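Shown next, in structure tokens, is the structure this report addresses.
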Amino acid sequence: MTDPQTPTVKAQIANRESKTLEWEVLPTEEKQRRSGLESLFRWVALVMDELIAFPRTKFRFGLDPIIGLVPGIGDTASAVISALVLIQAARCGLPKILLARMSLNILINEIVGIVPGFGDAFSFWFKSNKRNYQLLLAHSSAPQRARRSDWLFVIAVLAILFVIVAAGILVSLLVLRALVQLLGLH
């Protein structure tokens, strides 16, 4: 006869399994924050990269390449929107390597987007926000709190992005100034 105070082998195994599963399950507030982050990434990817469909094709594009047509300001606006989403991702504690890959997508889109004409065509194809959303979906590691090094990394990437954006604006202003002088509107 078994002592009622002594758990059975089945109960011990079930208890061990439940403890094993406990550490794998995100706390409620982490789940909510992560689902909110996923919703934010999905929304930005939709609006910036997938909002409009060409009729009778599977090709879609969003506001990113359209906004990019405005010299200087357009690419900057797109980069700022993407950077704000990246900041939120860092606040939610995504790993640095994931933040690095997302940052690289934003930087590639911004650097190539600076080139008039070609940059806008590139934005139709590259879709950095959609790529970042896909990276977030593929990410399956346990959640981590943002550490000081994560913030330093994001600040460094944002500083580089700011320099690139400022250079793009400067180049755009110089080109506009040269055009005004060439047309004699000076």
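The values are calculated or read from the model by the stated rules, or taken from the named source; none is laboratory data. Values in this document were obtained by computation on a predicted structure and should not be read as measured data. We place every Cβ from the backbone using ideal geometry, glycine too, and count neighbours over all the protein chains shown. Calculation scope for accessible area: heavy atoms of the full protein, side chains included, ligands and nucleic acids excluded. Shrake-Rupley method; radii C 1.70, N 1.55, O 1.52, S 1.80 Å.
Some observations on this one:
- Number of positions in region 131-158 that are open to solvent by less than 70 Å² (accessible area, probe 1.4 Å), within 25 Å of Trp43 (Cα to Cα) and modelled with pLDDT of 80 or more: 4
- Ile160 vs. criteria within 23 Å of Ala77 (Cα to Cα), touching a residue at least 12 places away in the same chain (Cβ under 8 Å) and under 17 Å from the mean Cα position of the chain (by Cα): yes
- Taking region 13-58 as the range and being in a loop (DSSP other than H, G, I, E, B), modelled with pLDDT of 60 or more and surrounded by 12 or more Cβ atoms within 10 Å (Cβ to Cβ) as the test, only Leu51 passes.
- Near pairs, Cβ below 7 angstrom, 6+ apart or cross-chain, from region 41-60 (under 12 Å from Asn132 (Cβ atoms)) to any residue that is of a type in the set (D, E, K, R): Ala45/Lys130; Met48/Asp64; Asp49/Asp64; Asp49/Lys127; Asp49/Lys130
- Scanning region 64-123 for residues that are of a type in the set (Val, Ile, Thr), under 14 Å from Ile155 (Cα atoms) and open to solvent by 60 Å² or more (accessible area, probe 1.4 Å) yields a single hit, Val80.
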